[in-house]
Amino acid sequence: MAPVGTTNEQFPVRVFGGPTALFEYGGLRFLTDPTFDAPGEYHREGRRELTKTAPASGSPADLGRVDVVLLSHDEHPDNLDNSGRALLADIPLTLTTPDGAKRLGNGAKGLADWEPVELDRPGGGTITVTGVPALHGPGAREEVEPITGQVVGFVLTGECLPTVYVSGDNASLDLVREIAERFGPVDTAILFAGAPRFPVLFDGALIVLDSAQAAEAAKILGARRVVPVHYDSWAHFTEGRDDLMAAFSVAGLTDRLDLGDRGDLAG
């Protein structure tokens with residue numbers, strides 16, 4: 001039975017490839033980490049080269065209305081590319097890291113760990129979006145953030161609405177446990193996965209969850225549904241769809257895995 005004040009009603013999530021997904025929640029339309037550029041070579045501040053291997057399954061013109069962007073971080077082109085940056089100018093609100101909000105300027109609001117913001121729903125009432133911690137690599141925050149930057153995740157709640165967790169580029173199951181203690185169980189977890197790694201970073205250790213860890217995160221959160229993103233379309237993602245399906249099968253969680261809709265999400 002669902003907790004009092006929530007609903008078991010599912011909502012569609014459209015996935016575009018990479019970390020980009022679109023969903024409607026409480027009458028508002030949310031977009032995660034917008035990436036719509038063409039395949040090719042991309043550079044992060046003139047340094048490490050990233051290779052995009054496949055196009056998005058749609059374009060910004062396919063999005064319809066977007067009310068809020070949930071941007072885990074702005075510093076890497078596989079989370080915010082040139083098309084995504086251009087798109088932000090037409091969206092009323094971008095929620096992201098405190099440092100990222102300073103860089104992006106107008107329309108961006110930074111959320112510190114556990115900081116909530118209330119958004120007005122079109123039909124009355126509010127949605128609370130809480131910034132939750134994320135760590136883009138292994139080890140302690142003071143060791144990781146100088147290399148990969150600040151990252152934020154999000155939890156969405158509201159009266160008679162399901163609880164939604166958007167992980168962002170997080171590699172720490174310990175942080176998932178902290179989030180579960182405060183907000184679990186969650187209805188829908190949009191988990192960034194793909195097991196990305198670079199030999200020159202952290203001795204090749206994971207910088208975002210792998211497939212087995214995503215399944216473990218689902219258990220920790222008590223998630224009724226997991227929509228994975230951030231596992232395709234980039235060469236540094238070392239695990240894909242088949243790995244996720246296998247990991248969730250081994251964990252006995254196949255019924256919770258939802259690979260999302262790549263068709264239209266009306267609006």
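Here are the numbers:
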item	result
Positive dipole terminus of the stretch 13-256, leading residue within Ile179, Asn79, Thr20 (C-beta point charges)	Thr20
Aspartates and glutamates with Cα under 19 Å of Lys219, excluding same-chain neighbours fewer than 8 positions away	Asp169, Asp174, Glu178, Glu181, Asp187, Asp210, Asp243, Asp255, Asp258
Computed helical MRE - 222 nm, the chain, DSSP H runs ≥ 4 contributing -39500 (n - 2.57), nearest 500	-5500 deg cm²/dmol
Theoretical FRET efficiency, 1/(1+(r/R0)^6), r = Cβ-Cβ of Ala38 and Ala140, R0 51 Å, to 0.05	0.85
Dipole axis of the chain (+1 Lys, Arg; -1 Asp, Glu on Cβ), positive-most option in Ala205, Leu88, Val132	Leu88
Highest to lowest packing among 129-141, 20-32, scored as the average C-beta count within 10 Å	20-32, 129-141
Max mean-square fluctuation residue, GNM over the chain, Cα-Cα springs under 10 Å, options Ser172, Ser233, Ser59	Ser59
Residue of Asp78, Asp232, Asp174 that the Gaussian network model of the chain assigns the largest fluctuation, springs spanning Cα pairs under 10 Å	Asp174
Dipole magnitude (debye, nearest 20) for the stretch 28-171, charges at Cβ of Lys, Arg, Asp, Glu	220
Label-point separation in nm, Arg182 to Lys102, each point 7 Å along Cα→Cβ	2.2
Peptide ranges 112-123, 65-76 listed from the most packed, as the mean C-beta count within 10 angstrom indicates	65-76, 112-123
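Computed from the coordinates by the stated procedures, all read-outs in this text should not be read as laboratory data. Here the structure is a predicted model, which means the values were calculated and not measured. Note that each Cβ is placed from the backbone with ideal geometry, even for glycine, and that neighbours are counted across all protein chains shown.
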